[in-house]
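All remarks here apply to the structure that follows.
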Ligand SMILES: Cc1cc2nc3c(=O)[nH]c(=O)nc-3n(C[C@H](O)[C@H](O)[C@H](O)COP(=O)(O)O)c2cc1C
């Protein structure tokens with residue numbers, strides 16, 4: 001069944017892991033005779049594009065999907081801004097459309113993306129979209145934007161997970177559990193601590209490059 005999919009890239013980086021997932025999903029959709037368009041949320045946040053330009057794209061899309069990195073255990077602020085702007089300005093265009101989300105984070109632990117996916121489900125409910133489910137990938141930082149086809153067995157599993165998800169979604173069905181199983185891997189407990197140190201360092205370094213301070217203390221009242 002032919003469907004038009006709008007893919008929202010939630011990363012401010014236009015050519016990294018989020019984009020790599022998005023381009024694979026676009027290619028898979030096209031292989032299934034569906035169509036897909038990728039937009040970068042950061043362009044709307046930065047004012048390079050206006051939300052009004054999205055109206056026609058939204059109207060012609062049956063499925064909308066967010067693919068996003070995890071930032072400080074949640075959705076990046078640009079994505080929250082985008083969701084709020086959409087819910088104010090495009091509610092009638094969104095109503096009744098199918099919606100899915102894919103969260104990916106640095107740590108190889110898929111449970112970390114649960115709050116992000118839950119926020120997406122809540123957004124879908126709020127704007128009366130039909131929630132098709134979410135997928136979580138842990139270890140996105142290690143892919144560093146590589147094309148999934150170049151990653152051997154690891155890439156094949158991710159591609160298969162996305163393919164199965166899409167096959168169901170174009171038929172209006174929810175993402176099957178098998179897709180998440182393919183994306184889930186267990187790392188040996190002994191590796192957890194050294195891996196955490198390396199990944200924490202990488203995340204802090206990337207955040208610093210963007211002028212984001214994630215080491216500041218959080219004070220609660
Ligand atoms: C400001 C910031 C905050 C982050 N917070 C988390 C986090 O809480 N947990 C995590 O596992 N990864 C975190 N990451 C890592 C990103 O989710 C991860 O590197 C992701 O693969 C980046 O996607 P991209 O390459 O498409 O930009 C953070 C990265 C940045 C820059």
Only one of 24, 18 is within 16 Å of the ligand (Cβ to nearest atom), in a helix (DSSP H, G or I), under 26 Å from residue 110 (Cβ atoms) and touching a helix residue (DSSP H, G or I) at 6+ places or on another chain (Cβ under 6 Å); which? 24
Residue by residue through the range 41-56, note down the ones that are over 13 Å from residue 9 (Cβ atoms), at pLDDT 95 or above and surrounded by 14 or more Cβ atoms within 10 Å (Cβ to Cβ). none
How many residues are out of contact with any helix residue (DSSP H, G or I) (no Cβ under 7 Å at 6 or more places or on another chain) and over 20 Å from residue 107 (Cβ atoms) if we restrict to the range 170-212? 6
So, in the range 1-11, how many residues would count as being part of a loop (DSSP other than H, G, I, E, B), in contact with a strand residue (DSSP E or B) (Cβ under 9 Å, 6 or more places away or on another chain) and surrounded by fewer than 20 Cβ atoms within 10 Å (Cβ to Cβ)? 2
Counting residues that are within 12 Å of the ligand (Cβ to nearest atom), which helices (runs of 4 or more DSSP H) fully inside the range 117-221 reach at least 1? 140-143, 189-209
Just the residues that are surrounded by fewer than 18 Cβ atoms within 10 Å (Cβ to Cβ) and out of contact with any helix residue (DSSP H, G or I) (no Cβ under 8 Å at 6 or more places or on another chain), please, taken from the range 122-139. 122, 125
So which residues in the range 171-194 are over 18 Å from residue 113 (Cα atoms) and more than 18 Å from the chain's Cα centre (by Cα)? 171, 172, 173, 188, 189, 190, 191, 193, 194
Does residue 77 qualify as being within 11 Å of the ligand (Cβ to nearest atom), touching a strand residue (DSSP E or B) at 6+ places or on another chain (Cβ under 9 Å) and farther than 25 Å from residue 170 by Cα? yes
Does residue 115 satisfy being within 30 Å of residue 198 (Cα to Cα), touching a residue at least 60 places away in the same chain (Cβ under 8 Å) and in contact with a strand residue (DSSP E or B) (Cβ under 7 Å, 6 or more places away or on another chain)? no
Against the definition (at pLDDT 85 or above, under 28 Å from residue 3 (Cα atoms) and surrounded by 14 or more Cβ atoms within 10 Å (Cβ to Cβ)), how does residue 150 come out, yes or no? no
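The values are calculated or read from the model by the stated rules, or taken from the named source; none is laboratory data. Since we're looking at a predicted model, the values are computed, not measured. We place every Cβ from the backbone using ideal geometry, glycine too, and count neighbours over all the protein chains shown.
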